[in-house]
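K.L.:
Provided herewith is a single structure, encoded as structure tokens, for subsequent inquiry.
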Amino acid sequence: MLNEDRIILMTRMASYEQGEGRGNVKIGNYFRSDYITVQVLKSIICAIMAFFIVFGLYMLCNYEEFLKNLYQMDILAFAKDVLTYFCVGVGGYGLLTYIVCTWRYASAKRSLKQYYHNLKKLGSLYNE
């Protein structure tokens, strides 16, 4: 005989496994600090590359003006400004990534906890 509660629960769990559950299981396989560290390092590397690309394009577009003012400008102040923009940009992006990944990890763990609870509930329904 078919049990409607069991069928509903199995359908809900199968839907979770096919959709959101795949990503949550991958996240759940990491320890919290490992997951966040890997994601932050990846984002910092990408932010550094993006900064150099944008800075290179900026210098390419303003190359003539830069060469005209090269002898009149303070090179140390220019380098300090570029370094400040670099640190603020990369640091801000790293901090934003840390916040997002912390939230994403906590959300995945909550979701997996509910999934495992449903597994136990399904097991108890089979034992009845």
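The values are calculated or read from the model by the stated rules, or taken from the named source; none is laboratory data. The shown structure was predicted, so the numbers you read here are calculated from the model rather than taken from an experiment. When we count neighbours, we look across all protein chains shown, and the Cβ atoms used for this are built from the backbone with ideal geometry, even at glycine. What goes into the accessible areas is simple: the full protein's heavy atoms, side chains included, and nothing from ligands, DNA or RNA. Shrake-Rupley method; radii C 1.70, N 1.55, O 1.52, S 1.80 Å.
K.L.:
Run the simple label-point estimate for Gln18 and Thr84 please: 7 Å along Cα→C-beta, distance reported in nm.
P.N.:
Placing both labels 7 Å beyond Cα along the Cβ direction yields 5.6 nm.
K.L.:
Based on alpha-carbon centroids, what's the gap between segment 28-51 and segment 53-122 in Å, whole number please?
P.N.:
So the separation of the two Cα centres works out to 11 Å.
K.L.:
Quickly work out the Ile44-to-Leu95 label distance, labels modelled 7 Å from Cα along the C-beta direction, and quote it in nm with one decimal.
P.N.:
Label-label distance for Leu95 and Ile44, simple model: 1.5 nm.
K.L.:
Over the chain, what relative contact order in percent results from Cα pairs under 8 Å that are six or more residues apart? Don't skip to the answer; put the middle values down first.
P.N.:
Details: 51 pairs, mean separation 67.1, N = 128.
It comes to 52 percent, rounded to a whole number.
K.L.:
Taking θ = phi - 60°, what integer Hz values does the Karplus form 6.51 cos²θ - 1.76 cosθ + 1.60 yield along segment 15-25, in sequence order, with x for Gly and Pro?
P.N.:
Karplus-based 3J(HN,Hα) across segment 15-25 equals 5, 5, 5, 7, x, 5, x, 4, x, 5, 5 Hz.
K.L.:
Right, something else. Return the subset of Lys42/Lys121; Lys26/Lys121; Lys42/Lys109 for which the Cα-Cα distance in this structure is over 31 Å, preserving the input order. Numbers along the way, then the final one.
P.N.:
Numbers: Lys42/Lys121 39 Å; Lys26/Lys121 23 Å; Lys42/Lys109 22 Å.
Going by Cα-Cα distance, Lys42/Lys121 fall outside the 31 Å limit.
K.L.:
Something else about it: Rounded to the nearest 20 debye, what is the charge dipole size of segment 35-109 about its Cα centre when +1 sits on each Lys and Arg Cβ and -1 on each Asp and Glu Cβ?
P.N.:
Values: 5 positive and 4 negative charges, 103 e Å.
The calculation lands at about 500 debye.
K.L.:
Keeping all protein chains in position, work out how much accessible area Ile45 exposes to a 1.4 Å probe, and write it in Å² to the nearest 10.
P.N.:
Here the residue's solvent-accessible area equals roughly 100 Å².
K.L.:
Still on this model: Output ³J(HN,Hα) for segment 37-42: one whole-Hz value per residue in order, computed from phi by the Karplus curve 6.51 cos²θ - 1.76 cosθ + 1.60 with θ = phi - 60°, and x for Gly and Pro.
P.N.:
4, 4, 5, 5, 5, 4
K.L.:
Another one. Given labels modelled 7 Å from the Cα in the Cβ direction, how far is it in nm from Glu4 to Val54?
P.N.:
The modelled label-to-label distance comes out at 5.7 nm.
K.L.:
Would you work out the charge dipole size for the chain about its Cα centre, treating the Cβ of every Lys and Arg as +1 and the Cβ of every Asp and Glu as -1, and quote it to the nearest 20 debye?
P.N.:
Values: 14 positive and 10 negative charges, 127 e Å.
The calculated dipole for the chain is roughly 600 debye.
K.L.:
Tell me, what HN-Hα J-couplings in whole Hz come from the Karplus equation 6.51 cos²θ - 1.76 cosθ + 1.60 at θ = phi - 60° for each residue of segment 100-109, using x for Gly and Pro?
P.N.:
So the J values, rounded to whole Hz, are 5, 5, 5, 5, 5, 5, 5, 5, 5, 5.
K.L.:
Now a separate question. From the list [x] 25, 16, 12; [y] 54, 14, 8; [z] 21, 21, 15, can you say which value of semi-axes √(5λ) of the Cα gyration tensor in Å was derived from the structure given?
P.N.:
[y]
K.L.:
Select from Ile44, Val25, Asn69 the residue farthest towards the positive end of the dipole of the chain; place +1 on Cβ of Lys and Arg, -1 on Cβ of Asp and Glu, and compute about the Cα centre.
P.N.:
The Cα lying farthest towards the positive end belongs to Val25.
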